[in-house]
Every structure is written in structure tokens, then in C-alpha cells.
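Beneath this line is the structure, given in C-alpha cells, with notes to follow.
The values are calculated or read from the model by the stated rules, or taken from the named source; none is laboratory data. Note that the structure is predicted; figures quoted are calculated from it, not measured. Don't worry about glycine lacking a Cβ; one is built from the backbone with ideal geometry, like all the others, and counts go over all protein chains shown. Heads up: the accessible areas ignore ligands, DNA and RNA and are worked out on the full protein's heavy atoms, side chains in. Shrake-Rupley method; radii C 1.70, N 1.55, O 1.52, S 1.80 Å.
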Amino acid sequence: GKSGYDHYMLKEINEQPHALRECLRGRPRELEGSIEIDELEGLERPAHVHFVACGTSYHAALYGARLFREQGIRTNTFLASEYDVDSIPVDETTLVVGVTQSGETADTLRALRAANRIGAETLSVTNVVGCSAARETDYVMYIRAGPEIGVAATKTFASQQVALAMLSRALTGASSSGFIEALRALPDQVQSILDTSHAAAVADEYVDADAYFFIGRGYNAPVALEGALKMKEITYKHAEGFPAGELKHGPLALVTDRTPVFAMLPGDSTAEKMLGNVREVESRGAPIVAVTDVPAQLGSHADHVLEIPDTHELFAPILSNIQLQLVSYWVANRLERSIDKPRNLAKSVTVE
Ligand code: M6R
């Protein structure tokens, strides 16, 4: 059941601290300063990784791929429906990683099967033990988020992000103690967001907006895409997310005082350029909601602040996304949408 929550989505948002603890269980090894994923024994550092995924899982893959690149591994990330092995160089030296919560998404399965045929090594990162993806790939890593009933992917996205962060280090053998420590802090930090978030108040203020924009840079760009996907999926309202640098290449034309902009503003190397983007939308009258771990520094540039705890630069997107999930949930709730089963959508998409 829903354990007293009005919707599975809210229940699953609130289950994230537990889901992340499960995902982490036994994997970071503090003593050795390494991350071990038992089920991947034998899998070695790949020369080249292709990620294939759809929807929210694609956003997790975009985030994960960046962590691999940071370790010097060449990556490409594909929407599974666009993965065409006849026109994309892929061979036995490529590890093809299917990121799929359900392990039953037709587009992702097709891409993995094509990779198998070419002779590439294949790995699925999934939530469902014994799913089709797990059965059809050489290796499988479980994200251990527990069953997700709501059509909107929430806890599985957080667990995919954490799983891929661990995978990037497990395959390269390089984990600084700061990385492991920050990983282990995430479940409690997510809990503190859930306990203190003002997302419902922000949702109330902007429930009548014409559209919602989400911007971020670098590691935070995929979360901007995810924030927008969640918003449109459950509220049926127009939302767009993009890497912030793209604003002035088109989307800025849509920005008005009726289009709140959610800006991922962690106090990292992206902050200065992000502030430039915030000024661009502000001067068009757009309300700004800053998602930040340094509210004292950056909060003054915004109409509202959604605060996240201080974390390793690489993990801010995991925490920021929790706030965005809550905003979408509360907008949809105020609009009395069918949150757990949005119109036209299915939990797993088993046709191409
Ligand atoms: O089961 P999968 O992870 O392969 O599903 C992929 C997408 O269909 C899924 O993430 C979809 O985008 C979500 N409903 C979004 O919340």
C-alpha cells in the first residue's frame, strides 16, 4: 500500500534515503579505499563505453557518462531508440551499458541485443532481479531501489545516479576518500532535504505559470532535463530543461514573467557562468528559483531558494533533483492530476 501517503510517488520520494542505503550497501570499502561491485567480478576497465537508455534513465546515463569521462574513459550516450549499430562504431572493445529501471523497455532491449550481436561486452544497470535486460547482458548491476509503482521514476533515478557513480570508480580503481565519504553521507542528506524542503510553497506560488524552465551546467545539466521531464509527465504543463549555455541560442525567446526558471546553482566551478544565465532570464522578468548548497552566497540572486546540503561537487545533482521531484509533485497535487498514472503513459514501455 501507500503507507499513509496520498500517492505512491510521494511515498517513493520519501523512500530515497532507504533506497540509497541499499544501493550503497557493501560496495564502498573504506579500509581499502575502493568501491567493489560483487556481481561485476571479472569486468575490467573498458576502453570505450556506450550508454543506451530512455527517458529518466537516459538522464541518469548522461550524468554517469560524465563521471566515466572524468576517469579518462571515452563515452557516448544514446537514446536507446536512436542506437543504430550500422551507423555507430561499436566493436568488441566497447562496453555497452543499458540503464533501465524495469529492464523491460523495448528500445533499450533492442539496443542491447544489437550490441550483443556485434560482439560488444554488455552490462545492464537495473532494478528488477531477473528482468529481460539482466538475462540478456553479459553483466548486471542491481540498483536495489525496491519496487517502484508510480509511473514517474523517482527513487530509481537517485539510485541509478549513485550506482553509476560507484560503477565509474569500481571500473577504474580510483576512489578518493572524499568521494567515498561523500557517497556515504548522501542518504542522510536526502533525508534532511525531505524534512526541511520548501518545495510545496514554491509549487503553490507558481502553480499557474505558463511554463517551467530548468537550467544547469556540467554535472547539473542532466538534472535540468530530468526536472522538466518530471514536471511535464505529472502536471501536463509545458516544461523545458537544457544546459544553461543554450538559453541564448533560442529558448530565451520564451522566457517571460510567467515562466519560472529553476536554476541549479551549486557553489562550484559552474557558479559564475550560471549567475550570468540567471541575470539573462531575470532581466526578462522571470521568477528565479535557485537550488543551491550555498544559499548565503547565491540565494540573493533568486526569488526563492531550495537548499541542498553541502556535498562533493559531483553529487550536488543527486541532491538537487530531490527538490525538483518535490516541486513537480506539489504542482501536480495542486492541479489534482492523476499523479501515479499520468494520462497516456505506462510504467514500462514494451513497444518500440
Ligand atoms: O524502465 P526504464 O528505466 O527503461 O524506463 C525508461 C523510461 O520509460 C522511464 O524512465 C520514463 O521516462 C519515466 N516514466 C519517467 O519518469
Any idea what angle helix 55-70 forms with the longest principal axis of the chain, computed on alpha-carbon atoms, 0 to 90 degrees, nearest 10?
70
With a ≥ b ≥ c taken as the square roots of the eigenvalues of the C-alpha gyration tensor of the range 200-352, please select rounded if a/c is under 1.5 and otherwise prolate if a/b is larger than b/c or oblate if it is not?
prolate
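So, by mean Cβ neighbours within 10 angstrom, what's the order for 121-131, 25-35 with the highest one leading? Please report the intermediate quantities before stating the final value.
On the way: 121-131: 22.3, 25-35: 13.5.
In descending order of packing, they fall as 121-131, 25-35.
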How much FRET efficiency would the formula 1/(1 + (r/R0)^6) give for residue 74 and residue 273, where r is the Cβ-Cβ distance and R0 is 30 Å, rounded to 0.05?
0.75
Using a basic spin-label model with each label point 7 Å from the Cα along Cα→Cβ, how many nm lie between residue 256 and residue 3?
4.3
Please give the direction-averaged projected area of the C-alpha convex hull for the chain, in square nanometres with one decimal.
16.8
In whole percent, what relative contact order does the chain give with Cα contacts below 8 Å and a gap of six or more residues?
19
Give the total of Lys-Lys pairs in the chain with Cα-Cα distances below 15 Å; include a pair only if its members are 8 or more places apart or on different chains.
11
Projecting each Cα onto the charge dipole of the range 77-235 (Lys/Arg +1, Asp/Glu -1 at the beta carbon, about the Cα centre), which of 78, 214, 172 comes out farthest on the positive side?
172
Between 75, 100, 156, which gets the highest mean-square fluctuation from a Gaussian network model of the chain, Cα cutoff 10 Å?
75
Karplus-derived 3J(HN,Hα) from phi for the range 101-115 (6.51 cos²θ - 1.76 cosθ + 1.60, θ = phi - 60°), whole Hz, x at Gly and Pro, runs 4, 6, x, 10, 5, 4, 4, 5, 4, 4, 4, 5, 5, 4, 5
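Taking Rh as the Kirkwood radius computed over C-alpha pairs, what is the Stokes-Einstein D of the range 243-303 at 20 °C in a medium of viscosity 1.002 mPa s, expressed in µm² per second? Could you put the intermediate results ahead of the total?
Working: Rh = 11.5 Å.
My calculation gives 186 µm²/s for D.
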At R0 = 35 Å, FRET efficiency that the Cβ-Cβ distance of residue 138 and residue 185 yields, to 0.05
0.60
What is the spin-label model distance, in nm, from residue 177 to residue 31 if the labels are put 7 Å beyond Cα along the C-beta direction?
1.6
The answer for the chain, accessible area per residue at 1.4 Å probe in Å², is 40
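Report, in debye and to the nearest 20, how large the dipole of the chain comes out about its Cα centre when Lys and Arg carry +1 and Asp and Glu carry -1 on their Cβ.
Numbers: 32 positive and 47 negative charges, 82 e Å.
In total the dipole reaches around 400 debye.
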Under a 10 Å cutoff between Cα atoms, tell me which one of 57, 177, 300 has the largest fluctuation in the Gaussian network model of the chain.
300
Roughly speaking, what is the stretch gain from residue 47 to residue 303, that is 0.36 nm per residue apart minus the C-alpha to C-alpha distance, in nm to one decimal?
87.6 nm
When the distances between all Cα atoms of the range 48-175 are binned every 10 Å from zero, what whole-number percent does each bin get?
14, 50, 31, 4
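Using Cα pairs closer than 8 Å and at least 6 residues apart in sequence, work out the relative contact order for the range 250-326, in percent. Numbers along the way, then the final one.
Working: 111 pairs, mean separation 21.1, N = 77.
In percent, rounded to a whole number, it is 27.
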